[in-house]
Amino acid sequence: MSGSRPFLQDRSVKDKLWESRAAVSLARLRRNQGRRAEARGLLAPVYDWFTEGFDTLDLKEAKTLFDWARVSASLERADGPVAG
C-alpha cells in the first residue's frame, strides 16, 4: 500500500475517492435491485476519472462491481434475465 501514499496526498484525489465510494455503494444497491445497467452507468465514469491508484481497495471494488455488471448485462442479452 506504500505505493499509493503519494497518490492519496492530493486533496482532489481524496474527494474523488469519496465520490467513488458513494457511487460503488449506490451501484451495489442498484445491482441488488436488478438494475444492472444503472449500476454500470454509475461506475464507468467514476472509474475513468482515475489514472493511478488502481491498487487501492476502493478502485479494486469499483472495478469488480463494474466488471460484474458488464458481464451480467452481456449474459442477459444472450440468454435472458440473470439472477441478481
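Bear in mind that the values in this text are calculations on the coordinates, not laboratory data. What you are looking at is a predicted structure, and each value in this text was computed from that prediction instead of being measured. A quick note on method: Cβ atoms are made from the backbone with ideal geometry, for glycine too, and the neighbour counts reach across all protein chains shown.
Projected label points at L26 and A44, each 7 Å from Cα along the beta carbon direction, are separated by 1.6 nanometres. For the pair T64 and E19 in one chain, pulling the backbone fully straight at 0.36 nm per residue adds 14.5 nm over the alpha carbon distance.
Projecting label points 7 angstrom from Cα along Cα→Cβ for L57 and V71 puts them 2.3 nm apart.
Relative to the Cα centre, the charge distribution of the range 17-76, modelled as +1 at Lys and Arg Cβ and -1 at Asp and Glu Cβ, gives a dipole magnitude of about 340 debye.
Arrange the peptides 40-47, 56-63 so that the one whose residues have, on average, the most other Cβ atoms within 10 Å appears first. Walk me through the numbers before you get to the answer.
On the way: 40-47: 18.9, 56-63: 16.8.
In descending order of packing, they fall as 40-47, 56-63.
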